[in-house]
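For reference, the structure is listed below as structure tokens.
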């Protein structure tokens, strides 16, 4: 019963903070778009650098951002890309296992 009680407390806390936070999020979203995008970019760069304290992570972030922007401009569908990223490793591992078993 402890897990259910904890879950109930967590849900009630989420409801409370959600109701309190709605006016704050309305103010954040109504900020001017250039300001909002600048803040998001700075937070993203700081987070990427802070993960390993390496500038390489920031360059990787920019590279994947550029890749995402290019794919969006070329109208690539998102679903097959996500499926490929999620299932690619599993497929590779099971293919290797099947090839080893078959000789």
Across the stretch 65-77, what is the number of residues that are surrounded by 10 or more Cβ atoms within 10 Å (Cβ to Cβ), closer than 20 Å to residue 40 by Cβ and out of contact with any helix residue (DSSP H, G or I) (no Cβ under 8 Å at 6 or more places or on another chain)?
7
Taking the stretch 29-47, which residues are assigned to a helix (DSSP H, G or I) and more than 20 Å from the chain's Cα centre (by Cα)?
33, 34, 35
Does the stretch 3-25 contain any residue that is out of contact with any helix residue (DSSP H, G or I) (no Cβ under 8 Å at 6 or more places or on another chain) and in a loop (DSSP other than H, G, I, E, B)?
no
If we scan the stretch 87-94, do we find a residue that is within 27 Å of residue 40 (Cα to Cα) and in a helix (DSSP H, G or I)?
no
In the stretch 34-63, how many residues are loosely packed, with under 11 Cβ neighbours inside 10 Å and within 19 Å of residue 85 (Cβ to Cβ)?
1
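Since every read-out is calculated from the coordinates, none of them should be taken as a lab result. No experiment lies behind these values; they were computed from the predicted model shown. Glycine also receives a Cβ, built like all others from the backbone with ideal geometry; neighbour counts cover every protein chain displayed.
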